[in-house]
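*Asks:* Quick one: structure below, then a few questions.
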Amino acid sequence: MADQNTSNTQPTEHKPESKMKHIVSFGAMILLTIAAFVLVLRDVVPVAWVLPLMLGFAVIQVLLQLFTFMHLDQKGSLYYILFIAFGVIVAVVSAAGIILMP
């Protein structure tokens, strides 16, 4: 009885985290935030490009946060990624429905 298989109780293996990964990711997010402010405060690009560029910066920041600080790049996080993708799809469809309502 003492030789029971305890492999099910072992935690899943994770990639080793490095402080440099977090620092670089955080720095990139700060730079993207500053770039968004500069786009709004100064006439760097045409007005029609400001919103698409800011949305692009926001998407990049969300991906950096999900994969760096919420560890979605770890093994076994496929379900979380699927749930997040489904939530994004529901949000986009809901927003489009509200915008397009007569």
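The values are calculated or read from the model by the stated rules, or taken from the named source; none is laboratory data. All values derive from a computational prediction rather than experimental measurement. What goes into the accessible areas is simple: the full protein's heavy atoms, side chains included, and nothing from ligands, DNA or RNA. Shrake-Rupley method; radii C 1.70, N 1.55, O 1.52, S 1.80 Å.
*Asks:* Over region 22-102, with the other protein chains present, what is the accessible area per residue in square angstrom, probe 1.4 angstrom?
*Replies:* I get 78 Å² per residue for region 22-102.
*Asks:* What number, in nm² with one decimal, is the all-direction average of the projected area of the convex hull of the alpha-carbon atoms of region 20-95?
*Replies:* 6.2 nm²
*Asks:* Roughly speaking, to the nearest percent, how much of region 21-88's 1.4 Å accessible area is carbon and sulfur?
*Replies:* Solvent-exposed carbon and sulfur of region 21-88 make up 81 percent of the total.
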